[in-house]
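As structure tokens, the structure follows; a few thoughts come after it.
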Amino acid sequence: MPQRISTHLGLGLGALAIGDVVLARLALKRTLMINPKNAVALVATAQTQQLYQNEEKVSDQNTTQMIKRATELKPSYSSALSLLAHRHFWQWHQAPFTVQGKENFLKCMDDPWICLNIGFDVRLAHDGEDAFQARIIGIYKIKNFWMIKISMALSEHLLNDAELHLYWRNTMLIEEIASKAYYCTNIPACQAEAYFILGRNRHAYGDMTGALPYYAHACLLRPEFSVAQFRLAQVHAALGNTNAAIEAARTANKLAPDALEITLLLGVLYLTINNIQESSKNISSTLNALKLNGKMECFQRYQYFAHLTLAKLSEISARKSGKRSILIDTISKYESTSQLLENNSIHVPIELW
């Protein structure tokens, strides 16, 4: 029996490693039929389900429960812990009440303690689209209503009487699980994954100073970790460390040359140091790729930043040449960028995508 389990499990893990998800699912399913408590098979199966979720509508909750079960069976399984922390980071839960925006407060009539706590992340949705994200720093009762104090002031378009849907995630739980994942392994790649999640947990609500050492350490442990290099570049950019940001972004670009968000960030960063040639090259590359993928929601945000940078480059050219035709073209580019902003309600700064 153990030999059969090892055979099926080895085949499943090997197939998953080379991207043969169909074979991996089949082999892992047979492994779990023989031993439903095999933690490694549970995590690997959850990973295959993640790849199929969009196509087959596999239950998101089912995948999370499978990973959680693996951590219960094997509490020190670092890969499972990191994956669970990652799942919790991306899973938002809708509050059973709506709120109204008041500066850096959210007003609600229901008791928010039923699902919220100080330190949780909250995300607001207005007219069916994401609009804002911040962290809870206080909850107070005032007469017959409640006020939730958040870490950042609300955008102007949210400061009205509109009812906003609120979603939350437990950042303290993410911190706890990711920290445990780090200390439960000596494998650098696994430690890097845990540190990356810890950095992302801070980065998401704007704590750039807190995120920096985690991203930097993740990149040190695993230099080929392209996403960590990209996030490190974002944080350096937000803190004004432009040269360090460019270095990290260039590293990320070498590791993932087709990632639009990286070429776009490079285009923006090169513009800040007046390297017009490199900025233009990266922005042009981004816009060409966006023509093929522009309908995707995240790419619509990239469209805005790419066109804004293009307009700024055109403005610099107009100032240098003094040509009226270039000036008119620049005005046209800014108008197009403004229209993109109006149509897509983009309120996320480039350092936080």
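Laid out as a table, the results:
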quantity	calculated
Cα gyration tensor category, rounded, prolate or oblate, for region 146-258 with a/c compared to 1.5	oblate
Overall form of region 60-108 per C-alpha gyration tensor (a/c, 1.5; a/b vs b/c)	prolate
Within the chain, helix-based [θ] at 222 nm, where runs of 4 or more DSSP H residues each add -39,500 (n - 2.57), nearest 500	-21000 deg cm²/dmol
Cβ-Cβ FRET estimate between GLU103 and SER6, R0 fixed at 56 Å, reported to 0.05	0.40
0 to 90° range, to nearest 10: angle between helix 39-56 axis and the chain longest Cα axis	50 degrees
Carbon + sulfur, % of accessible area of the chain - ligands and nucleic acids excluded, 1.4 Å	53 percent
Along principal axes, Cα extents of the chain, largest first, whole Å	80, 57, 36
At R0 = 56 Å, FRET efficiency that the Cβ-Cβ distance of LYS143 and ILE18 yields, to 0.05	0.35
Only Lys, Arg (+1) and Asp, Glu (-1) charged, at Cβ; region 212-289 dipole about Cα centre in debye	60 debye
Potential lengthening between ALA189 and LYS291 on full extension [0.36 nm per residue; Cα-Cα distance subtracted]	33.2 nm
Set LYS29/LYS68; LYS37/LYS180; LYS68/LYS149; LYS102/LYS333 screened for pairs whose C-alpha atoms are more than 29 Å apart	LYS68/LYS149; LYS102/LYS333
Ranked packing of 221-231, 249-259, 312-322, most packed first, by mean Cβ within 10 Å	221-231, 249-259, 312-322
Of GLY206, ALA252, ALA134, farthest towards positive along the dipole that unit charges on Lys, Arg, Asp, Glu beta carbons give the chain	ALA252
Test item: Cα-centred dipole of the chain, Lys/Arg +1 and Asp/Glu -1 on Cβ, debye	700 debye
Extreme residue, positive dipole direction of the chain, given options PHE105, VAL22, GLY12 (C-beta unit charges)	GLY12
Where the chain is the region considered: accessible area per residue in Å², 1.4 Å probe	51 Å²
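The values are calculated or read from the model by the stated rules, or taken from the named source; none is laboratory data. All values derive from a computational prediction rather than experimental measurement. Note that we place each Cβ from the backbone using ideal geometry, even for glycine, and neighbour counts take in every protein chain shown. The protein model used for the area step is the full one, side chains on, heavy atoms only, and it has no ligands, DNA or RNA in it. Shrake-Rupley method; radii C 1.70, N 1.55, O 1.52, S 1.80 Å.
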